[in-house]
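S.K.: Here it is, the structure, as C-alpha cells.
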Amino acid sequence: MSATSPAPALVAEGLGKRYGRVWGLRDCSLTIPVGRVVGLVGANGAGKTTLLNLAVGLLAPTTGSLRVLGEVPSGTAEQLARIGFVGQAAPLYDTMTVADHVRFGRSLNPRWNGNGARRRLEGLGIDLARKTGQLSGGQRAQVALALAVAKQPDLLLLDEPLASLDPLARREFLQSLMGAAADQAEADRPLGIVLSSHLLADLERVCDHLVVLSGGEVRLAGDVDDLLGSHRILVGPRADAGSFPANQVVIAESHTDRQTTAVVRTESPVLNPAWQVSDIGLEDLVLAYLGQPAEAAAPHRNPLRTVATT
Amino acid sequence: MTWWAWRQHRSQMLAAAGVLAALAIWMGVTGVSFAREFRDLGIASCLAARGDCGQAIDQFEALHRGLAFLVPLFLVAPGLIGVFWGAPLIAREIEAGTHRLAWTQSVSRRRWLSWQLGVLGAGTVVLSALFAWLVSWWSGPIVGAGLNRFTPGIFDLRGIVPVFYAAFAFALGVAVGSVIRRTVAAMGVTLLGYAGVRAAVTFLARPHFATPLVVTSPIGQGNVRVDLADWVLHTEAVDALGHVVGRGGGIDLRVTVGRCPAPNFIDPRASIQSCLQRLGIHLVSTIQPYNRYWSFQLIESAIFAVLTVLLVAFTVRWVRRRIV
C-alpha cells in the first residue's frame with residue numbers, strides 16, 4: 001500500500017443532470033476505485049450514458065459535484081489526455097479510413113501509440129484502408145477501442161460498447177479490452193475501466209466492481225466478491241419482511257400462499273433452520289435491487305451505498 | 001491538428017475549388033470576348049472622349065442580354081460558403097455523434113474549434129478573394145458600358161467586399177450550426193440570415209454611409225451635374241415652390257395643364273421643356289459621388305468584419321459552455 005493512495009477513478013456527490021424537465025441522473029453519490037474493471041449496469045434510460053458523458057466533460061452537471069481522477073471534468077487538454085472514451089454506438093467518421101482515424105488520433109493526442117493500434121487492428125483482420133462506414137458493428141467497436149487505448153489513458157470509459165454486437169463480436173471485444181488492460185499493467189501504467197451495459201452476463205465475466213443505476217439513481221455499488229458474499233437467497237414458509245432479524249436486510253421478496261422467497265443482505269450466516277439458504281448469482285442480485293421502488297417506503301429497505309477501496 | 005482540419009473538410013474544399021476553377025475557365029473565355037467586343041464597338045474610346053455612346057452601348061448590351069440572370073447567382077456565391085462550409089461544421093459533428101470522438105481527444109474544445117475555423121476560414125478568404133478578382137476583371141467591360149460599379153448588385157461583386165461577405169457568411173453558418181445542431185435546418189437558416197443581413201445593409205445602411213449630395217440640374221439636358229459613375233439614390237422633379245412633380249426622372253405632365261401652350265408640332269419636346277423651365281421646374285438628385293466608391297467599400301467591409309468577429313466570439317463561448 002502506498003503512502004498516498006491515488007485519487008479514485010470517479011467521485012460523485014449528489015450529482016444530478018436535468019434535461020429540460022427530466023432528470024437523467026439524480027442525487028448520485030458514488031466512489032469508483034481506481035485500477036479496477038467496473039461494470040455500470042442499468043436499463044435504458046437509467047443514467048449510464050449521462051454519468052459517463054459527465055465524467056468525460058461532454059456534459060456539465062446541473063447539481064452536485066463530480067471528480068474524475070481527482071479533477072473536475074472541465075475539458076482541458078491534460079485531463080482529456082488521461083481519459084479514453086468510447087461513446088455509444090462507437091462514433092467514427094464514416095467517410096474516413098481506419099488509417100485516417102489512427103492519424104487523426106496522432107494529430108490530436110500528444111501521447112499516442114499509433115503502431116500499437118495498427119498492430120492490434122491488423123491482428124483482428126481489419127483492413128486499415130477501409131472506410132469505417134463499411135465496417136461491421138464489431139469491427140467499428142474494435143476500431144473505437146483501439147483509438148481510445150492508443151491514447152494510453154489512465155481511465156477508460158466505454159458507453160454500451162457491446163450493444164448491437166453479435167455474441168462472437170462481444171467476446172472478441174472483451175478479449176481486446178482485457179488484453180489492453182494487461183498490456184498497460186505490464187507497462188506499469190494500470191488502466192482503470194468503466195464499462196456500461198445492460199447485458200449482465202458479459203459484465204460478470206470481466207468486472208470486479210459493480211454499480212447499478214435505475215431511474216437516474218444509484219441502487220447498488222460495491223466489489224462483486226463482497227456483494228455476492230454478503231447476499232443470500234432464502235426460501236421458506238410464508239413470512240413477512242418485518243419478521244426478519246435486524247441483521248438481515250430484505251432487498252426483495254416474493255410470496256405465494258405458503259412460501260416466501262427473499263433476497264437478504266447479511267454479514268453473518270443465517271441460522272434459522274426454517275430457511276433454505278443459497279448463494280446468489282449476479283443477475284438475480286441486480287434484478288433484486290432494480291425491483292425496488294424509487295422512494296423506498298419500508299424502513300428496512302436500504303440500497304447498499306458505496307464501498308470505497310483502494 | 002492542421003492536417004485533421006484539412007482532411008475532414010477536404011472534399012468540401014476541393015469541390016468549392018473545382019467550382020471556382022470551372023467558373024474561372026468560363027469567365028476567362030467570355031471575359032476575353034467581352035473585352036474584344038468592347039474595343040471593336042468603339043465604346044472604350046467613345047467613353048474616353050465623353051461622347052454620346054448610347055447606340056454602341058445598346059448594341060453591346062443586346063449581345064449579352066442573357067447574362068443578366070447570372071448576376072443574382074454571383075451575389076449568392078459568398079453566402080454558399082456559409083451554407084456548405086459553415087453550417088455543417090459543428091451541426092454535422094453533433095448530428096453524427098462524432099463530437100463524442102472529436103471532443104474527447106487531448107485537445108480542448110476551444111482549440112479544436114480554433115483550428116477548424118482557422119483552416120476553413122483561410123480557405124474562405126482565399127477562394128473569395130480569387131472570386132472577387134475574377135468577377136471584377138470579367139465585369140470590367142459591362143461596368144464601363146453603363147452599369148456603374150456603385151450600383152447595388154455590381155458594388156457587391158467587385159472590390160474587397162466579397163471577401164468580407166464570405167467571411168461573414170462562414171462565421172454565421174458556424175454560429176447557426178452550433179445553436180441549431182441540425183445540418184439541413186442550419187443551412188436554411190444561414191442562407192436566410194445571410195440574405196437578410198446583406199439586404200438590410202445594402203438598402204438601409206449603405207445609402208447613409210456618408211451624407212448624400214443633393215444636386216440640381218435644369219430640365220432638358222439630362223442630369224448634367226451627375227456623373228455616369230455616381231450612385232443616384234433618387235431623382236425628383238421639383239417646381240419653384242419645392243413641390244415634387246415627378247419621380248425617377250419622369251415628370252407628371254398634369255402640371256402643364258393650363259400653364260403651358262399647346263405643344264409645337266415640329267418639336268413638341270423642346271416646347272414642353274422650355275415651358276417647364278419657365279415654370280421653374282428642375283431636377284433634384286440625391287447622389288453619392290463616384291469618388292466615394294472605395295471609402296464605401298471600406299466601410300461596408302468593416303461592418304461585415306465586425307459582425308464576423310462577434311459571431312466567432314459567440315461561437316467559441318457557446319461551444320465551450322452550453323451544448324452537449
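The values are calculated or read from the model by the stated rules, or taken from the named source; none is laboratory data. Please read these numbers as outputs of a predicted model, since none were measured by experiment. Glycine gets a Cβ as well: all are built from the backbone with ideal geometry, and neighbour counts include every protein chain shown.
S.K.: Listed residues A:73, A:61; which is more than 23 Å from residue A:163 (Cβ to Cβ), in contact (Cβ under 8 Å) with a residue 24 or more places away in the chain and outside any helix (DSSP H, G or I)?
M.R.: A:61 is the lone residue from the list that is more than 23 Å from residue A:163 (Cβ to Cβ), in contact (Cβ under 8 Å) with a residue 24 or more places away in the chain and outside any helix (DSSP H, G or I).
S.K.: Only one residue in A:51, A:59 is under 20 Å from residue B:103 (Cα atoms) and surrounded by fewer than 22 Cβ atoms within 10 Å (Cβ to Cβ). Which one?
M.R.: Going through A:51, A:59 in turn, the sole match is A:59.
S.K.: Right, next: All but one of (1) at the interface with chain B (Cβ under 8 Å from one of its Cβ atoms); (2) modelled with pLDDT under 90 hold for residue A:45; which doesn't?
M.R.: (1)
S.K.: With the requirement that a residue be assigned to a strand (DSSP E or B), of a type outside the set (Gly, Ala, Ser) and surrounded by 14 or more Cβ atoms within 10 Å (Cβ to Cβ), what does the range A:247-291 give you?
M.R.: A:248, A:249, A:250, A:251, A:253, A:260, A:261, A:263, A:264, A:265, A:266, A:277
S.K.: Given the conditions (1) more than 9 Å from chain B (Cβ to nearest Cβ); (2) closer than 22 Å to residue A:164 by Cα; (3) touching a Leu at 6+ places or on another chain (Cβ under 9 Å), which single one is not true for residue A:128?
M.R.: (2)
S.K.: Name the single residue, out of those in the range A:90-103 being within 7 Å of chain B (Cβ to nearest Cβ) and touching a residue at least 12 places away in the same chain (Cβ under 8 Å), that is surrounded by the fewest Cβ atoms within 10 Å (Cβ to Cβ).
M.R.: Per the criteria, the residue is A:93.
S.K.: Conditions: (1) part of a helix (DSSP H, G or I); (2) out of contact with any helix residue (DSSP H, G or I) (no Cβ under 7 Å at 6 or more places or on another chain). Residue B:311 meets all but one. Number of the miss?
M.R.: (2)
S.K.: Scanning the range A:11-40 for residues that are modelled with pLDDT of 90 or more and either touching a helix residue (DSSP H, G or I) at 6+ places or on another chain (Cβ under 6 Å) or assigned to a loop (DSSP other than H, G, I, E, B) (or both), which turns out surrounded by the fewest Cβ atoms within 10 Å (Cβ to Cβ)?
M.R.: A:37
S.K.: Would it be correct to say that residue B:254 is in contact with a Leu (Cβ under 7 Å, 6 or more places away or on another chain) and either exposed (fewer than 11 other Cβ atoms within 10 Å of the Cβ) or in a strand (DSSP E or B) (or both)?
M.R.: no
S.K.: Pick from the range A:161-173 the residues that are out of contact with any Leu (no Cβ under 9 Å at 6 or more places or on another chain) and outside any helix (DSSP H, G or I): which of them is surrounded by the fewest Cβ atoms within 10 Å (Cβ to Cβ)?
M.R.: For the range A:161-173, the residue satisfying everything is A:166.
S.K.: In a helix (DSSP H, G or I), among the β-branched types (Val, Ile, Thr) and surrounded by 15 or more Cβ atoms within 10 Å (Cβ to Cβ): is that true of residue B:306 in this structure?
M.R.: no
S.K.: Continuing with this model, one more query. Against the condition farther than 30 Å from residue A:282 by Cβ and either under 24 Å from the mean Cα position of the chain (by Cα) or in contact (Cβ under 8 Å) with a residue 12 or more places away in the chain (or both), how does residue A:55 come out, does it pass?
M.R.: Spelling it out, it is not the case that residue A:55 is farther than 30 Å from residue A:282 by Cβ and either under 24 Å from the mean Cα position of the chain (by Cα) or in contact (Cβ under 8 Å) with a residue 12 or more places away in the chain (or both).
S.K.: Looking at the structure I just gave you, is residue B:200 assigned by TED's automatic domain parsing to the domain that holds residue B:150, modelled with pLDDT of 75 or more and either in a loop (DSSP other than H, G, I, E, B) or not basic (Lys, Arg) (or both)?
M.R.: So residue B:200 fits the description; yes.
S.K.: Follow-up. Of all residues in the range A:79-89 being in a helix (DSSP H, G or I) and more than 8 Å from chain B (Cβ to nearest Cβ), which is nearest to residue A:26 (Cα to Cα)?
M.R.: Result: A:79.
S.K.: Looking at B:185, B:169, which one is surrounded by fewer than 16 Cβ atoms within 10 Å (Cβ to Cβ) and closer than 30 Å to residue B:127 by Cβ?
M.R.: Criteria check complete, one pass: B:185.
S.K.: Taking the range B:7-44, which residues are among the polar types (S, T, N, Q), within 14 Å of another protein chain (Cβ to nearest Cβ) and over 16 Å from residue B:77 (Cβ atoms)?
M.R.: B:8, B:11, listed by residue number.
S.K.: With the condition being of a type in the set (D, E, K, R) and modelled with pLDDT of 90 or more, I'd like the helices (runs of 4 or more DSSP H) fully within the range B:1-118 carrying at least 3 qualifying residues.
M.R.: Fully inside the range B:1-118 and qualifying: B:87-96.
S.K.: Give the residues of the range A:220-271 that are free of Cβ contacts under 8 Å to residues at least 40 places away in the same chain, out of contact with any helix residue (DSSP H, G or I) (no Cβ under 7 Å at 6 or more places or on another chain) and under 21 Å from residue A:41 (Cα atoms), sorted by residue number.
M.R.: Answer for the range A:220-271, where residues must be free of Cβ contacts under 8 Å to residues at least 40 places away in the same chain, out of contact with any helix residue (DSSP H, G or I) (no Cβ under 7 Å at 6 or more places or on another chain) and under 21 Å from residue A:41 (Cα atoms): A:225, A:229, A:230, A:264.
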